[in-house]
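As structure tokens, the structure follows; a few thoughts come after it.
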Amino acid sequence: MIDTGELRKGLIIEHEGALQRIVEYQHVKQGRGSAIVRLTMKNLRTGSNTTQTFQAGSKFPVVRLERQRVKYLYPEDERFVFMDLDSFEQME
């Protein structure tokens, strides 16, 4: 888990069941009350941008993504088959 003090632009978090990339990060300290964090996030699946405000100290799960060089081979039923270009291993 990562809290709002550790969030940075470009970091990928999970929010509301979707993977979100932080596009813009703004920490706002108001005269009275607690600080807030305003995030502009891009949904990695749909590509839509949203802006949301969170209380300082809120926690988010961090997502670890792996990138692989693959090549599309063929469709199989409702799935797609790819080949890893380094190991030549096939995966769906």
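The values are calculated or read from the model by the stated rules, or taken from the named source; none is laboratory data. For clarity, every value in this text was computed on a predicted model and none was experimentally measured. Here the Cβ positions follow ideal geometry from the backbone for every residue, glycine too, while neighbour counts run over all protein chains shown. With ligands, DNA and RNA removed, areas are computed over all heavy atoms of the protein, side chains included. Shrake-Rupley method; radii C 1.70, N 1.55, O 1.52, S 1.80 Å.
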| said: Can you work out the Karplus-derived ³J(HN,Hα) for every residue in the range 77-92? Use 6.51 cos²θ - 1.76 cosθ + 1.60 with θ = phi - 60°, whole Hz, and x for glycine or proline. | reply: 6, 9, 10, 10, 10, 10, 10, 5, 6, 8, 9, 6, 6, 9, 9, 9
| How much of the accessible area of the chain, probe 1.4 Å, is carbon plus sulfur, in whole percent? | 47
| Probe 1.4 Å, protein heavy atoms only - accessible area per residue of the chain in square angstrom | 76
| query | What are the trypsin sites (Lys or Arg not before Pro) within the range 15-92 that DSSP puts in a loop, where the Cβ has at most 16 other Cβ atoms within 10 Å? | reply | K29, R32, R45, R64, R67, R69
| query | Which far-off residues, 5 or more places away or on another chain, put their amide H under 5 Å from the one on S58, with H placed in the peptide plane? | reply | T4
| Amide H contacts of L19 (H built 1.01 Å from N, under 5 Å, at least 5 apart or other chain) | L44, R45
| Of all chymotrypsin sites (Phe, Trp or Tyr not before Pro) in the chain, which ones are in loop regions per DSSP and have a Cβ with at most 13 other Cβ atoms within 10 Å? | F88
| remark: Taking 0.36 nm per residue of separation between L65 and N43 and subtracting their Cα-Cα distance, the length gained on full extension comes to 6.5 nm
| task | Mind checking the full-extension length gain between E6 and L19? Use 0.36 nm per residue of separation minus the Cα-Cα distance, one decimal, nm. | result | 2.9 nm
| request: Measure out, as a whole number of angstrom, how far apart the alpha-carbon centroids of the range 7-35 and the range 37-92 sit. | output: 19
| D for the chain, whole µm²/s, Stokes-Einstein with Kirkwood Rh over alpha-carbon pairs at 20 °C and 1.002 mPa s: what number? | 138
| message | Please compute the Kirkwood hydrodynamic radius of the range 40-92 from all pairs of different C-alpha atoms, in Å with one decimal. | response | 14.7
